[in-house]
Amino acid sequence: MAKVLAVLYDDPVDGYPKKYARDDIPKIDHYPDGQTTPTPSAIDFKPGQLLGSVSGELGLRKFLEKAGHTLVVTSDKDGKDSRLDRELPDAEIVISQPFWPAYMTAERIAKAKKLKLIITAGIGSDHTDLQAAMDRGITVAEVTYCNSISVSEHIVMMILALVRNYIPSYGWVIRGGWNIADCVERSYDLEGMNIGTVAAGRIGLAALRRLKPFDVKLHYTDKHRLPEKVEKELGLTFHPTVESLVKVCDVVTINAPLHPETEHMFNDKLIGMMKRGSYIVNTARGKICDRDAIVRALESGQLAGYAGDVWFPQPPAKDHPWRSMPHHGMTPHISGSSLSAQARYAAGTREILESYFAGKPIRTEYLVVDKGKLAGVGAHSYTAGDATKGSEEAAKFKKSTAKV
Ligand code: NDP
């Protein structure tokens, strides 16, 4: 019988919800490319419930315990002697979400002698040292597509929030003001602007589709070109390099996975090639941007705004400069963890577990690493290597919170 270790974010500060804002969520069977949403044999939760936090347990306890497995759930994942580290040596399966990642470094993987499967309940498995997983023959799987549309909606929201200067204007209302000139001195229309995505995969393409009705000019760069039919339908301009894309865009949205090729892609040099006053929206991974280069560009005016929900490490320390830099619209990592998305990734996690326990193949599109090499979505979108370096800094959040 297996020990399953789930690392989930904390419950709300005022306790696990007793009621919700809405009574139901739409039922979605298929994603835009025809892929079916997760198909576990059953679920033990009501879609729309909070599942990603400790008490939500991804809705897995009944299913696992009925089959004789052990489920350990904790949010304590960073620093010396974390519960994650204490529970790892006899764990067979580790589950975590990118929002509150269990950084599965080579050191942790070495300690976890029985580990066979690492599941990302979400999308983006960069918090696992994929090279170390390959070397140990550990399978890494994620719930491909589960929250791609959720993120694309968030991207449109963040682009509009930055360009139209929504957040500072809301701030004036809260402070009792009516400071129209203060609100509009940095407010523009999106219409006519050039908007480009770095990567046009599931999220990038969905964001382009959602932006099209704003009468903007759309651009993309990606390792593989989209079908001509899609390029025509959306009026897309393809750029063979990211440099060529950023030079002509007013707004850039980043939608590539974090892997050695994309780590720190947005550094001083690349940002310096952008038009003065450009905006960046990054909901992909914090480490795709050089942290301090973003701060410098906002301070100098090279960037007019930066928004996103992804940081490095996560959680970021209280004094992380992205909390206080000018003209930002950052949130904690939430775009892919709406209650709607949680229902899909909890069901997808159960589907992966059911396949694993039954000795059946995990859906190919869910695989990142299998049988010692990149597989499935991993083989298509990632490069081998490790993007977890520096993740030990996540322990600073604990320390800084303790001071409050
Ligand atoms: P997909 O796998 O559908 O798309 C990723 C795309 O990135 C692919 O088209 C891939 O190219 C492209 N790509 C990879 N490397 C490069 C590169 N060096 N330059 C340009 N393009 C590149 O994944 P999703 O769209 O669903 O998700 C993308 C990322 O978004 C995830 O990996 C994750 O990091 C992040 N994410 C964030 C969430 C949040 O809550 N903020 C939630 C979900 C995901 P190709 O396949 O053509 O080789």
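A few comments on the model shown:
- Within segment 18-50, the set of residues being open to solvent by 40 Å² or more (accessible area, probe 1.4 Å) and within 20 Å of F99 (Cα to Cα) comprises P47, Q49.
- Take the conditions (1) in a helix (DSSP H, G or I); (2) touching a helix residue (DSSP H, G or I) at 6+ places or on another chain (Cβ under 8 Å); (3) surrounded by 14 or more Cβ atoms within 10 Å (Cβ to Cβ); E231 misses just one of them, which is (2).
- Qualifying residue in segment 355-376 (condition: assigned to a helix (DSSP H, G or I), open to solvent by less than 40 Å² (accessible area, probe 1.4 Å), over 20 Å from A132 (Cα atoms) and of a type outside the set (K, R)): yes
- Residue match in segment 278-297 (condition: within 10 Å of the ligand (Cβ to nearest atom), under 21 Å from the mean Cα position of the chain (by Cα), of a type in the set (D, E) and surrounded by 19 or more Cβ atoms within 10 Å (Cβ to Cβ)): no
- Search result, residues across segment 299-329 that are surrounded by 21 or more Cβ atoms within 10 Å (Cβ to Cβ) and among the hydrophobic types (A, V, I, L, M, F, W, C): L303, A304, A307, V310, W311, F312
- Residue pairs whose Cβ atoms lie under 8 Å apart, separated by 6 or more positions or on different chains, with the first residue in segment 76-101 and under 25 Å from S337 (Cα atoms) and the second open to solvent by 30 Å² or more (accessible area, probe 1.4 Å) and at pLDDT below 95, are D78/E392; D78/F397; D78/K398; G79/K398; G79/K399.
- Pair list, Cβ < 6 Å and 6+ apart or interchain, from segment 194-217 residues that are polar (S, T, N, Q) and at pLDDT 95 or above to residues that are within 13 Å of the ligand (Cβ to nearest atom) and outside any helix (DSSP H, G or I): T197/Y220; T197/T253; T197/N255
- Count of residues meeting criterion [open to solvent by less than 20 Å² (accessible area, probe 1.4 Å) and hydroxyl-bearing (S, T, Y)] in segment 338-354: 2
- Filtering segment 134-150 to residues that are closer than 17 Å to A346 by Cβ and either open to solvent by 20 Å² or more (accessible area, probe 1.4 Å) or among the aliphatic types (A, V, I, L, M) (or both) leaves A141, V143, I149.
- In segment 119-137, the residues that are more than 16 Å from the ligand (Cβ to nearest atom) reach residues that are modelled with pLDDT under 95 and in a loop (DSSP other than H, G, I, E, B) with C-beta atoms within less than 8 angstrom, at least six apart or across chains, in these pairs: Q131/A384; Q131/G385; Q131/D386; A132/D386; M134/A384.
The values are calculated or read from the model by the stated rules, or taken from the named source; none is laboratory data. Values in this document were obtained by computation on a predicted structure and should not be read as measured data. With ideal geometry, Cβ positions are generated from the backbone for all residues, glycine too; neighbour counts draw on all protein chains shown. Ligands, DNA and RNA are excluded from the accessible area calculation, which covers all protein heavy atoms including side chains. Shrake-Rupley method; radii C 1.70, N 1.55, O 1.52, S 1.80 Å.
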